[in-house]
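Q: First the structure, then my questions, so here it is.
The values are calculated or read from the model by the stated rules, or taken from the named source; none is laboratory data. Model, not experiment: these values are computed from the prediction. Glycine gets a Cβ as well: all are built from the backbone with ideal geometry, and neighbour counts include every protein chain shown.
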Amino acid sequence: GCGSDSDDGGSASDGGSGGGGGDLSITMLPKNLGNAYFDTSTDGAEKAATEIGAEFEEVGPDTASPDAQVSYINTVAQQGKSALILSANDPDALCDAIDEARSADVKVVTFDADTNPDCRDLFINQATAEGIAAKQLELISDQIGGKGEIAILSASANATNQNAWIDMMESELADNPDYADIELVDTVYGDDEDQKSFDQTEALLQNHPDLKGIISPTTVGIAAAARYLSDSSSKGKVALTGLGTPNQMREYVEDGTVTSFALWNPGDLGYLATFAAAALVDGDITGAEGDSFDAGDLGTFEVGADGVVLLGEPFTFDADNIGDFDF
Amino acid sequence: MSTATATPARTYSSYSAPLWKRWLVTRETAVIVLTAAVILYSLANVPNFDGPLTLKFLLQDIAPILLIALPMTLVIITGEIDLSVASIMGLSSVLLGVLHDAGMSVPAAALLALLAGLVCGALNGFLIAYVGLPSLAVTIGTLALFRGIAVGLLGTTAITDFTEKWADLATGTIGDSRIPLVMIPFAVLAVGFVVLLHFSTFGRGVYEIGLNDEAAHFTGVNVARTKMVLFLLSGVVSALAGIYFTLRYGSARGDNATGYELQVIAAVLLGGVSIFGGRGRLHGVLAGVVLIGVLSSALRLESVTVNVTNIIVGLLLVASVILPSVLGWAGSRLPRKASAAPAGPRPDKDAATADV
Amino acid sequence: MSHTDIERPGTSADVSAGEALLVEPSRLSPTRRALTTVLRSRELSIFLVLVAVVVLATTKNNSFLFSADGWRNFLLNPSILLLLAVGQAVVIITRNVDLSVGSTMALTAYLTGRLFIEQPNLPIVVVLAACLLMGAVLGLVNGVLVAYGKVPALVITLGTLYIYRGIMLTWAGSDRINAGDLPREFLSLGTKTVVGVPVLTIIAVVVLAVVGYYLHTARGGRELYAIGSDPDAAVLYGLPVRRRLLAAFVLSGALAGLAGALYTARYGTVSSSVGSGIELQAVAAAVIGGIAIFGGSGTVWGAAIGAFLLITINRALPSLGIEDFWQRAVVGVLILGAIVLDRILARRQARKLAESRDHA
Amino acid sequence: MPTSNTAAPVLALRDVSKSFGPVVALRAGSISVEAGSIHALIGENGAGKSTLVKVVAGVHRRDSGTFELDGEAVDFGSTAESKQAGIAVIYQEPTLFPDLSVTENIFMGRQPLARGRRIDRQAMYVEAEGLFQRLGVRIDPRRPAEGLSIADQQIIEIAKAISLDARLLVMDEPTAALSGVEVERLFAVARSLRDEGRALVFISHRFDEVFALCDTVTVMRDGSYVDTRRVDETTPSDLVSLMVGRDVDDLFPKTPAEVGEPVLQVRGLTRAGVFHDINLDVRAGEIVGLAGLVGAGRSEVARAVFGVDAYDSGTVTMSGKPVKARDPRSAINAGMAFIPEDRRKQGLVIDSSVAGNVAAVIRRSIAKAGLITGSMENRAAGPWAARLEVKTSALDMNAATMSGGNQQKVVIAKWLATNPKLLIIDEPTRGIDVGTKSEVHRLLSELAGQGLAILMISSELPEVLGMADRVLVLCEGHLTAELDRADATPEAVMHAATHQLEDAR
Ligand SMILES: Nc1ncnc2c1ncn2[C@@H]1O[C@H](COP(=O)(O)OP(=O)(O)OP(=O)(O)O)[C@@H](O)[C@H]1O
Ligand SMILES: Nc1ncnc2c1ncn2[C@@H]1O[C@H](COP(=O)(O)OP(=O)(O)OP(=O)(O)O)[C@@H](O)[C@H]1O
Ligand SMILES: [Mg+2]
Ligand SMILES: [Mg+2]
């Protein structure tokens, strides 16, 4: 469940039950630092780490590029940490480095964005691609009344999971009769940079005067798009939905720019990933299909095919419930 | 005065100072000592720095900078600068990816990428050496242009499916030593550049141009051609670095190696090359590169964020260029004091002019 | 000697207006002189390029200009780069360059957010002033190092580019500024328009006007040109070279600081990548606008038009059906084109003037 | 020096010294200038006149000695301070801002202001016109300074200086580039300033000017004060012997050599705005002197012939074979050697070693397979340095650490090492001490005796007349006279060097 831990935030510091286990050391490597979404997942991970009593630290580049991540993976290998939790900027580029880390027996758990399954031990999946795609189409569809032009504002053009979702959405649009009157006219990339996403939104509206809605399956993108819409003449005319964090979107849900959007709780994602990593290190699980492990407040989880662990279904935020969340 | 054909009236000692002095009392030695000190300190105090993987990762990380620093040193010694090297890396990286994606074998694609680097260098060289434009402005322009072409060709997508054996070549080590394979081509190039700069007539020309290009021109040094050659070298070596970069990370992206030009220039200046041209030696530069590499590696092991590393590199850069003029300024203070108290001509002055 | 051939019959009659403008402008009537100056000005020519781009884009897609947003964005988007370009222009005129503006901007952009988070009901002017001040201080650091360290500005500002951004990232850590952290009226500042003109644009244009006026009509302004035209002569002449250099860098820094605040107002979010790479755009804008990279000539008006051109091209590319990935390449071509053109024109002028010495 | 009978002198320097590294530019300079007087400062090239001026102007800070203005000790750290103190200086080489208008150049930093501290351009132009009127020249006040002839540049400098209305006006060779008419106008202005009670210092190499304008004259030699005389109590020949410090006649020991085949042939050499249709031959064993005012374009011609500068049209041939334009290498291979006028900037790489400089041109021939080491250079350079008796402790010494004379020897050595057929030498003795000077002259005539063809450019008339077998005179880029040794009199040369200017009016 998502609401389950709205006491999230900096609560990492409180107490810390297990304490002593210095032998268990976990490094968290997000796509890049200074990204609200990953800050939240790191908070969750840190919380888990304190509960387990693992030594925890977050490192990362300030731009989301794979080569920048490689040197951090190398460092983890040098330090001989027991586990690495990362969100991959590139499915293939990191594999060599990860192999090196694993041969220095570091357990590698990916979350949010996966690498090739054979590189890592486990992937913590926020939600099934189908689920996410369907959810966003459903939202946009009833915001634009089931007909009209829509466009997608994605992260970088080679972001693994965004691309997966976009494919799903495209096929869904093609097959599902409910969406017969919805036309996907354009897909643009904001590279998860505020200004770029902002300008891309402007370009979308400019080049597609009849645009009815925008889907932005990335937290940076949706925030920037909302920011642009909120004071453009298209406000209210062009619907916007996608994946965003409540804190970033609250402003725009309240001023009516956005009616609803979806997301899982990144905090839970990090929390779960940390428990999975710990389980791997302790040897409770090997990452084989069918293994199951306990993840603190979140209960027990089972490893699916290709070493994937599924967090749950995305959750929809709107004016009524957004007040209950802080991440 | 004897006639121009008479037998030499006197002979001269070749050197004013003993060998050890000429070698030890130099900026280069200072950098090398500093680097050694940092390494020793890290070995002693930074956990895991003495680990088995450190050397390999370190060399792999600094390899591109080591490579580009070679031609960059010569370029800066002539008093010019090349800010477009990182963009050339990006462009060659993208070309390698695109061509390989189009079914070309890695070596063939790499060859074309090198050629592209040569063309980039030629454009810089032509505009700077023959049109006579300031290298700063030109290479700021080509920095944008080359990067723009790279990004334009590939957008923000990445090409990652490189044949394993080539990728391994980039990441592999010599035998089961800890030295990455890339150090072999580097060593070859390094020797080549040392000979070119320090033991060839061409190299003498490079220094003369840096010290006084007008005098060099008056002495028959072909200033334009020399600069052209250097920018060609810079272009092709940058392309090589770009290829290595691509294969090592197994991903060809338009934004690969963004900002590397700053690290290269920082390292070169840190290594004792004067931004005004005419001064500097390659061994100092290589030490400078290693110094920066060791610093960032050690700091990463200490889990210091990349930002702090950048701050340190920036400070080192500023300090390394400021220091000489600060010392010079301090020196210039001394005669001023002398002028305060009107004294007769100072004896040492007379000594200096005794042989006039 | 050039001044003797004026009496010579013939020479005065058969020279073109352009020639006369160069060699003996006073021969032309004031109006004619003014006219020729404008017609032959670099500013006019790139302004025409700008117009061409706009017309082209608008014909392809008339919401480019003729829609509420189109018009607003046309004016609004360049305003931040315009501020940077003006500062950059002043520095380049003194034969220096300031590559640290992007990082300075990032620092003050974050400062803005911080201030509002600490003191939500801080008056906006205070925040703007704080950013100006911080920028000025950062600029002063550059200025001192350049003027007293006798080191090329290129290297110094390259270094401070690293340092300032490093400081910003360390300071910001992993937390970032969201629209939610900022007071409404500050955010609205980013898009508010007065009689169809965005406030940001008005601010930028006012700054432009003041600086432009100063450079043209104040002693200090002219001294900046003199210093750039021949630094050694400036020292021999006894101009306060160091003081002027400091002033130039402080101005550039302060404007970058202001730009940072306006950025936050405009985009509402401040992340680690704010303003990275924008320093090159600022240099490009100045160079394209006719500021000679060797200093001594050019006007901030030109730099301003250059900034407009860059941004507008960027906006126009999608409308023209070109992927905006190519924008960087376009910028590169523009820079190279501009400096090559300048060189050709300079050669032509030097030759004309040399020939004007001949009479035999 | 004369003790001032009334008030303290406006300017009083005593035993002022200034060195640049090891080069002693000024050893013991002294001068005392009264109000209402025009004081000539003379001395050979390199005597230290300009350095003394720059000390007064605050460009250089003196190493030692006393410096008084109206009796008060002063110590200027910058030219701004000296300006403040009411000193106006015309430097030897024009220092203008090329991008700015002539008027702005004159009034930079002190432009007339209208309301709101706005520059009043109109007033500025009017004032400039006034100044030009007073100097009797017509320069457009609105045109850029770029591209002005040296003479016009010099006039701008003069206008700049007199518009300062300073109590002390120092002029370092202001007339070097001026024609008779312009010189007269300048003198008129100078006299009126003197009558206003200002003090003037006037540096010139032309005695007629000194005697026409000045009342007192101070002579310098080798950076030291020699003597001060009232002009009406001395004669040119006195001054010359004071300047040179020995009898004049043994100065230029030109030994006649028999003249052979033409080595250098220049035909119709032209470069717009600089020189026009230059034709000249230099034969083996012959010294050809090239005379003219500063800015006449002599150096430009030499540079074009040697290929460091481009030219528009014309041909250069060495012993029959054409030499490629704009390519010093081919000129060197054809047997040319070129010793340029500015040692420090063009002659040698000042921050490089003696050996490096001497071996610079012959590098390729001493290198083995393009490879070269320091010791190779030393071996090649040693003998040549020795032949010219270059005085240095070791071959790896920085050339910058040597005296002007020794630097010149290094330059000569470097070119003789190429054993050339033709030697072009621009200002052979500028800024070198008397001893070395005559060594150089002896060397030149010896080389000519051994059949070397020599083209010598010099601003010093005695040098030209003493050394040259033939004298070519250049005026504003035109060859205006070719005189044989016999009929090359000072008058003839001077007339040829300026007559075209007179005609122009
Ligand atoms: N900046 C400098 N660095 C080193 N040596 C210098 C410098 N300026 C002048 N000298 C040397 O000082 C000596 C005197 O130079 P200076 O210009 O004062 O002579 P001068 O009397 O003005 O000669 P001229 O009549 O040719 O102008 C010369 O030998 C010159 O080479
Ligand atoms: N019209 C001009 N504008 C600018 N600089 C000039 C001009 N004419 C000559 N010069 C420069 O002034 C200096 C002296 O003039 P130039 O060398 O042409 O004639 P010169 O007779 O050789 O004078 P010098 O006695 O100095 O050798 C040289 O450096 C030359 O480049
Ligand atoms: Mg002089
Ligand atoms: Mg000359």
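Q: Take the residues in region D:345-365 that are more than 9 Å from every other protein chain (Cβ to nearest Cβ) and surrounded by fewer than 23 Cβ atoms within 10 Å (Cβ to Cβ); name whichever of them is farthest from B:Ser13 (Cα to Cα).
A: Out of the qualifying residues, it is D:Ser365.
Q: List the helices (runs of 4 or more DSSP H) that sit entirely inside region C:242-360 and contain at least 1 residues that are more than 28 Å from B:Ile88 (Cα to Cα) and at the interface with another protein chain (Cβ under 8 Å from one of its Cβ atoms).
A: Fully inside region C:242-360 and qualifying: C:300-319, C:327-355.
Q: Counting only residues that are in a loop (DSSP other than H, G, I, E, B) and small (Gly, Ala, Ser), which one in region D:108-138 is farthest from the other protein chains (Cβ to nearest Cβ)?
A: Per the stated criteria, the residue is D:Gly136.
Q: Within 22 Å of C:Glu355 (Cα to Cα), more than 13 Å from ligand 2 (Cβ to nearest atom) and not assigned by the TED database to the domain that holds D:His495: is that true of D:Pro174 in this structure?
A: Judged against the criteria, D:Pro174 is not a match.
Q: Scan region C:72-93 and report the pairs whose first residue is of a type in the set (Lys, Arg) and whose second residue is surrounded by fewer than 24 Cβ atoms within 10 Å (Cβ to Cβ), with Cβ atoms within less than 7 Å and a gap of 6+ or a chain change.
A: Every condition considered, the pairs that remain are C:Arg72/C:Thr193; C:Arg72/C:Pro198.
Q: Only one of (1) closer than 24 Å to C:Ser273 by Cβ; (2) part of a helix (DSSP H, G or I); (3) away from chain B (no Cβ under 14 Å) is not met by C:Ile156, so which one is it?
A: Just one mismatch for C:Ile156, condition (3).
Q: Only residues that are of a type in the set (Asp, Glu) and modelled with pLDDT of 90 or more: list them for region A:270-319, please.
A: Selection gives A:Asp282, A:Asp284, A:Glu289, A:Asp291, A:Asp294, A:Glu302, A:Asp306, A:Asp318.
Q: Please name all residue pairs, on different chains or six or more residues apart, with Cβ atoms under 6 Å, provided the first residue is in region B:145-162 and is assigned to a strand (DSSP E or B) and the second residue is crowded, with 20+ Cβ neighbours inside 10 Å.
A: B:Ala158/A:Asp90; B:Ala158/A:Asn158; B:Ala158/B:Ser251; B:Ala158/B:Arg253; B:Ile159/B:Gly97; B:Ile159/B:Ala252
Q: Pick out the one residue from A:Phe301, A:Phe327 that is hydrophobic (A, V, I, L, M, F, W, C) and assigned to a strand (DSSP E or B).
A: When all the criteria are applied, what remains is A:Phe301.
Q: Within region D:40-54, is there a residue that is in contact with a Gly (Cβ under 8 Å, 6 or more places away or on another chain) and within 11 Å of chain C (Cβ to nearest Cβ)?
A: There is no residue in region D:40-54 that is in contact with a Gly (Cβ under 8 Å, 6 or more places away or on another chain) and within 11 Å of chain C (Cβ to nearest Cβ).
Q: For B:Val285, all conditions in the list (1) surrounded by fewer than 22 Cβ atoms within 10 Å (Cβ to Cβ); (2) among the aliphatic types (A, V, I, L, M); (3) more than 23 Å from A:Leu94 (Cα to Cα) hold save one; what is the number of the exception?
A: Here B:Val285 clears every test but (1).
This table checks each residue for (1) in a helix (DSSP H, G or I); (2) within 11 Å of another protein chain (Cβ to nearest Cβ); (3) surrounded by 13 or more Cβ atoms within 10 Å (Cβ to Cβ).
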residue	(1), (2), (3)
B:Thr29	yes, no, yes
B:Leu34	yes, no, yes
B:Gln60	yes, yes, yes
B:Ile65	yes, no, yes
B:Met72	yes, no, yes
B:Ile76	yes, yes, yes
B:Asp82	no, no, yes
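Q: Cβ-Cβ distance below 6 Å, separation of 6 or more or different chains: which pairs start in region D:426-444 with a residue that is among the aliphatic types (A, V, I, L, M) and end on one that is within 11 Å of ligand 1 (Cβ to nearest atom)?
A: Cβ pairs passing all conditions: D:Ile432/D:Gly46; D:Ile432/D:Gly404; D:Ile432/D:Gly405; D:Ile432/D:Gln408; D:Val440/D:Thr429.
Q: Check off (1) near ligand 1 (Cβ under 10 Å from one of its atoms); (2) modelled with pLDDT under 95 for D:Leu52 and give me the number that stays unchecked.
A: Of the numbered conditions (1) near ligand 1 (Cβ under 10 Å from one of its atoms); (2) modelled with pLDDT under 95, the odd one out for D:Leu52 is (2).
Q: Return the total of residues in region D:135-186 being at pLDDT 90 or above, within 16 Å of ligand 1 (Cβ to nearest atom) and of a type outside the set (Asp, Glu).
A: Of the residues in region D:135-186, 3 are at pLDDT 90 or above, within 16 Å of ligand 1 (Cβ to nearest atom) and of a type outside the set (Asp, Glu).
Rundown of residues vs (1) of a type outside the set (Phe, Trp, Tyr); (2) assigned to a loop (DSSP other than H, G, I, E, B); (3) away from ligand 3 (no atom under 16 Å from the Cβ), yes/no style:
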{"site": "D:Ile155", "(1), (2), (3)": "yes, no, yes"}
{"site": "D:Ala159", "(1), (2), (3)": "yes, no, yes"}
{"site": "D:Ala166", "(1), (2), (3)": "yes, yes, yes"}
{"site": "D:Met171", "(1), (2), (3)": "yes, no, no"}
{"site": "D:Ala177", "(1), (2), (3)": "yes, yes, no"}
{"site": "D:Arg185", "(1), (2), (3)": "yes, no, yes"}
{"site": "D:Leu193", "(1), (2), (3)": "yes, no, yes"}
{"site": "D:Phe202", "(1), (2), (3)": "no, no, no"}
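Q: Applying the selection to region D:434-453, what residues are outside any helix (DSSP H, G or I) and buried (at least 24 other Cβ atoms within 10 Å of the Cβ)?
A: D:Leu452, D:Ala453
Q: Report yes if some residue within region D:318-336 is at pLDDT below 95 and within 17 Å of D:Val390 (Cβ to Cβ); otherwise report no.
A: no
Q: Further, regarding this structure: Which residue pairs have Cβ atoms under 7 Å apart, sit 6 or more places apart or on different chains, and have a first residue in region D:294-306 that is within 13 Å of chain B (Cβ to nearest Cβ) and a second that is within 8 Å of ligand 2 (Cβ to nearest atom)?
A: Between residues of region D:294-306 that are within 13 Å of chain B (Cβ to nearest Cβ) and residues that are within 8 Å of ligand 2 (Cβ to nearest atom), the close pairs are D:Ser299/D:Glu341; D:Ser299/D:Asp426; D:Ser299/D:Ile457; D:Ala302/D:Asp426; D:Ala302/D:Ile457.
Q: Quick one: which of D:Val217, D:Val189, D:Val263 is in the same structural domain as D:Glu44 (by the TED database) and at pLDDT 95 or above?
A: Answer to the selection: D:Val217.
Q: Have a look at B:Gly250, B:Gly235, B:Gly254, B:Gly210 and point out the one that is buried (at least 23 other Cβ atoms within 10 Å of the Cβ), on the phi < 0 side of the Ramachandran plot and within 14 Å of chain A (Cβ to nearest Cβ).
A: B:Gly254
Q: Pick from B:Val318, B:Val264: which is in a helix (DSSP H, G or I), under 30 Å from A:Pro61 (Cα atoms) and modelled with pLDDT of 90 or more?
A: Among B:Val318, B:Val264, only B:Val264 is in a helix (DSSP H, G or I), under 30 Å from A:Pro61 (Cα atoms) and modelled with pLDDT of 90 or more.
Q: On to the next question. Based on what the data block shows, is D:Ala381 part of a helix (DSSP H, G or I), at pLDDT 90 or above, within 9 Å of chain B (Cβ to nearest Cβ) and buried (at least 23 other Cβ atoms within 10 Å of the Cβ)?
A: Yes: the conditions hold for D:Ala381.
Q: Okay, next question. Would you be able to tell me the number of residues in region D:293-308 that are within 9 Å of ligand 4 (Cβ to nearest atom) and not in a helix (DSSP H, G or I)?
A: Number of matching residues: 4.
Q: Quick one: which residue in D:Thr235, D:Thr228 is away from ligand 2 (no atom under 16 Å from the Cβ), hydroxyl-bearing (Ser, Thr, Tyr), out of contact with any Cys (no Cβ under 6 Å at 6 or more places or on another chain) and farther than 27 Å from D:Gly86 by Cβ?
A: That would be D:Thr235, the only listed residue that is away from ligand 2 (no atom under 16 Å from the Cβ), hydroxyl-bearing (Ser, Thr, Tyr), out of contact with any Cys (no Cβ under 6 Å at 6 or more places or on another chain) and farther than 27 Å from D:Gly86 by Cβ.
Q: Could you tell me whether region D:234-254 includes any residue that is under 27 Å from the mean Cα position of the chain (by Cα), within 16 Å of ligand 3 (Cβ to nearest atom) and surrounded by fewer than 22 Cβ atoms within 10 Å (Cβ to Cβ)?
A: Yes, there is a match, as at least one residue in region D:234-254 is under 27 Å from the mean Cα position of the chain (by Cα), within 16 Å of ligand 3 (Cβ to nearest atom) and surrounded by fewer than 22 Cβ atoms within 10 Å (Cβ to Cβ).
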